[in-house]
Structure formats: C-alpha cells, structure tokens
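Trainee: Attaching a single structure in structure tokens format; questions to follow.
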Amino acid sequence: MSENNSPEAIRVTQRIEHIFGLRRTGHHAVLAWLQDCYRAKGLTTHHANSVFNEHLRWGLHSPDPNPKEIWQEATGSDVLLANYEDVAYADRRTAPVYNALQAERTDLPARDTVIVRDWYNMVASRLKYIANADEIGRYTITAALDWPIVARRWVDHATTLVEPPSGTSSFVGINYSRWLVDRDYRESLAACYDLPNSESTLDTVSAFGLGSSFNGFDKDGQAREMNLLRRWQDLETIELRSAYLAAIDVDRFAIDALNRHLFGFGYSEVAASLEHRDNLGGL
C-alpha cells in the first residue's frame, strides 16, 4: 500500500460536510463560498461532487463512487465536502454513500447542510438547462426526475429550513436568495461553521453543470449581475414559458405556502409577471 493510501494518511481529514441541494439551486456557488471560508481559516477541502446518483436510475452516471475511493481522494485535505444532488434530505439514511462515508470514519465530526433556492427560480433554471441540452443533443441528468418528484423533494428541503430536523447533531439550512444578497446573513452562516466569512468567489460562475443555465460563463467575474432572482423573465420562447407555467403548477398550494414563508412571493406574482411580459410582446 502506498504512503498516500495508508490509514494514517487518510486520517488527516478532520471533518465531513454532507451538502444537499436540488440541481440548479445555486448550491455549487454556495459550496465554492464555503471552500473559500475554509481557506480563509487555513484549512483545505476536497469537494466530492454528486456522490449519490443511484436513486435517479440514470445509467450515464452509474455506478456511484466507492466511499473508500472518496476518502482516498480526500487524503491530505482537512475537510471532505460530499455533495448530494436531487436527493431528498429525508432519504439520506437510505443513501448508501452517506452511510458508508460515516461508517468509514466514525471518529470524525459530521454536519449536514441543506441549500434551498426558491421554487420559481429553480424551476426556470432547471427547465432552461434541459432545453439547452435538448438543443445541442446532450443528455442531462437534470431531466431524470419528473416535476412531481422534483416538487416533493423541494418541499422536503424547504421544510428543513422552516423546521430544522430533530435528532441531527449538526445541521445548517441555507436560504440561497438571502445568501446571495445579504452579507450579514453570510456572516451568520459562516459563524455556524466556525469560519470567517470570505467573499472572493461570489462573482465566479461555477464550472460545474456547464455554468449558468441562461448565461453560461459569459458573466464569470460578474455573477451577481445576472438576473438570478427573476429567472422566469429570461425564458425566451412561448413554448418554454408554457412548459414553465405547467411545471410551477405542480403541487402548487403546498409549495406556494412554503415559498412565501421563506422567500416572500409566490405563484400569483410570477404568473402575473409572465402575463405582463407577454402582453408587452415578449422580449
């Protein structure tokens, strides 16, 4: 066994962060910020991206990475960031990678983080991303879930922000919209991780997922100048807008109540905004 793969070397890691977010939630931007905060404290991180896809039954992304290999890849890093995409937080205990990572290192402190973007912007970005993939003939794992399943998992994630889970020793819920615009909120979140707030990555477009659904990498270095809080306004065709209205109507009342509570707006405002846009003749 090589020195780098020895048990002693692997045990350099001091903590594991389990990060949950639906795809097109902006969670990679939050992950980059969290890594930046760890760097500001002089700690190194290893980001294991999308570690559990088996639940999607998506052949192009199977099999899932072996937890032993994830730990080996994290050798020499102080913190392992394990990223779970499109996974209901309530299902984490049935995710074999989650349990296996814990079982590999029972000595490490672990924390769960759930990142939630408002439903209406997340759906717009997700829909646009799928449309982009269709246009260029590329398969995308984002299309693997039907909207009712996405809706149920969004409700699961959003509920953790309203009612943090009991029986979890360490948990952080992140409201993406507040994180994006409110420095004081980022300061308070950094304090939850016992880290300084560092902001050098906030205007960087993540390389994961081919960048922004709407802008690609055109706004790299100016990410916060994108229309991130009103993405439905950027759906450029009637076909996309029609598909969008159908998607956001799924489980409307349960979602609308949660979205209003967490983000301050809901279905009626979004639908009225789109109607006004179309009455003006679109773009």
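The values are calculated or read from the model by the stated rules, or taken from the named source; none is laboratory data. Since we're looking at a predicted model, the values are computed, not measured. Because the Cβ atoms are built from the backbone with ideal geometry, glycine has one as well, and the counts that use them run over all protein chains shown. For accessibility, only protein heavy atoms count, side chains too; no ligands or nucleic acids. Shrake-Rupley method; radii C 1.70, N 1.55, O 1.52, S 1.80 Å.
Trainee: For region 140-203, just the Cα atoms, rotate onto the principal axes and tell me the three extents in Å, largest first.
Mentor: Over region 140-203, Cα extents along the principal axes are 39, 34, 17 Å.
Trainee: Still on this structure, I have one more. Using a 1.4 angstrom probe, figure out how much accessible area region 27-72 has per residue, in square angstrom, rounded to the nearest whole. It would help to have the intermediate numbers written out before the result.
Mentor: Working: 2190 Å² over 46 residues.
Here the residues of region 27-72 average 48 Å² of exposed surface.
Trainee: In nm, what is the difference between 0.36 nm times the number of residues separating Asp91 and Arg178 and their Cα-Cα distance? Write out the running numbers ahead of the final one.
Mentor: Details: separation 87, 0.36 × 87 = 31.32 nm, distance 2.60 nm.
Stretched fully, the Asp91-Arg178 segment lengthens by 28.7 nm.
Trainee: Could you tell me the convex hull volume per residue, in Å³, taken over the Cα atoms of region 91-161?
Mentor: 120 Å³
Trainee: Across 10 Å bins from the origin, how do the percents of Cα pairs in region 65-125 run, short distances first?
Mentor: Going out from 0 Å in 10 Å bins, region 65-125 shows 17, 48, 24, 11, 0 percent.
Trainee: Tell me, rounded to the nearest percent, the portion of alpha carbon pairs in region 34-175 spaced more than 22 Å apart. Walk me through the numbers before you get to the answer.
Mentor: Values: 4698 of 10011 pairs.
Result: 47 percent of Cα pairs exceed 22 Å.
Trainee: Summarise the accessible area of region 49-152 (1.4 Å probe, protein heavy atoms) by the percent that is carbon and sulfur.
Mentor: Carbon and sulfur atoms account for 48 percent of the accessible area of region 49-152.
Trainee: Please give the FRET efficiency for Glu239 paired with Leu108, using the beta carbon to beta carbon distance and R0 = 51 Å, rounded to the nearest 0.05. Could you put the intermediate results ahead of the total?
Mentor: Values: r = 49 Å, r/R0 = 0.95.
Plugging the Cβ-Cβ distance into 1/(1 + (r/R0)^6) gives 0.55.
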